[in-house]
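Each remark here refers to the structure printed beneath this line.
The values are calculated or read from the model by the stated rules, or taken from the named source; none is laboratory data. Everything quoted here is computed from the prediction, not taken from an experiment. Every residue, glycine as well, gets a Cβ built from its backbone with ideal geometry; the counts of neighbours run over all protein chains shown.
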């Protein structure tokens with residue numbers, strides 16, 4: 001907890017940056033952030049605060065927006081299948097969606113940290129701890145939070161929660177093919193997060209991994225995730 005509250009003026013003396021400073025560094029100096037995370041690796045509150053903000057924002061989304069999303073899903077059900085009570089489903093969707101936003105943030109960070117540990121330590125010979133990788137993933141949640149806040153006005157104006165800030169915006173309609181889902185999975189903030197995270201990993205390595213190599217490696221992992229997401233959406237529907 002003390003790592004989250006170091007006074008700003010102490011950073012120049014070599015002390016660990018506080019939470020606000022680290023969040024700013026995610027956007028302005030991710031390499032320096034990675035160097036700082038070599039000394040101390042705070043992750044829980046860094047991730048939890050971003051997740052809580054996203055959860056609160058999701059909970060207060062307009063009911064009509066959620067209702068439209070449910071109607072779109074209902075249109076995909078087989079003909080003759082009995083439709084559940086709309087109001088009951090709306091309450092369930094709001095509660096379930098809110099909880100999932102919170103939980104997915106933590107699960108995602110744990111998975112990302114595991115992928116980074118496997119890639120950089122096992123395959124590239126680095127010696128960072130899992131907690132250091134988890135700290136890096138936790139800080140990237142703030143870029144994802146910004147992306148979430150940016151896409152919400154688009155959801156409301158278009159009345160469609162399936163829209164993402166991806167290349168799928170270039171399409172006339174919501175994609176239904178693998179190629180369409182692939183474009184939709186490549187998002188502006190996803191690429192930004194991968195670049196920032198790769199730069200953080202370079203800082204974490206203490207100079208043993210160049211910024212270019214770190215960014216290229218994380219972008220390759222992001223590409224694998226994009227392919228998986230597109231395949232899943234093509235099979236099970238987005």
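When you check residue 58 against the structure, is it crowded, with 17+ Cβ neighbours inside 10 Å and at pLDDT 90 or above, yes or no? Criteria met by residue 58. Looking at 73, 68, 39, which is the one that is modelled with pLDDT under 95 and outside any helix (DSSP H, G or I)? Only one candidate passes the filter, namely 39. Of the residues making up the stretch 123-131, none is modelled with pLDDT of 85 or more, assigned to a helix (DSSP H, G or I), under 14 Å from the mean Cα position of the chain (by Cα) and under 24 Å from residue 20 (Cβ atoms).
Residues in the stretch 209-238 that are exposed (fewer than 14 other Cβ atoms within 10 Å of the Cβ) and not in a helix (DSSP H, G or I): 210, 237. Do we have any residue at all in the stretch 130-144 that's touching a helix residue (DSSP H, G or I) at 6+ places or on another chain (Cβ under 8 Å), free of Cβ contacts under 8 Å to residues at least 60 places away in the same chain, buried (at least 18 other Cβ atoms within 10 Å of the Cβ) and within 28 Å of residue 35 (Cβ to Cβ)? No: zero hits. Checking the conditions here, which among 116, 145, 182 is at pLDDT below 90, closer than 21 Å to residue 221 by Cβ and in a helix (DSSP H, G or I)? Every option except 182 fails the conditions.
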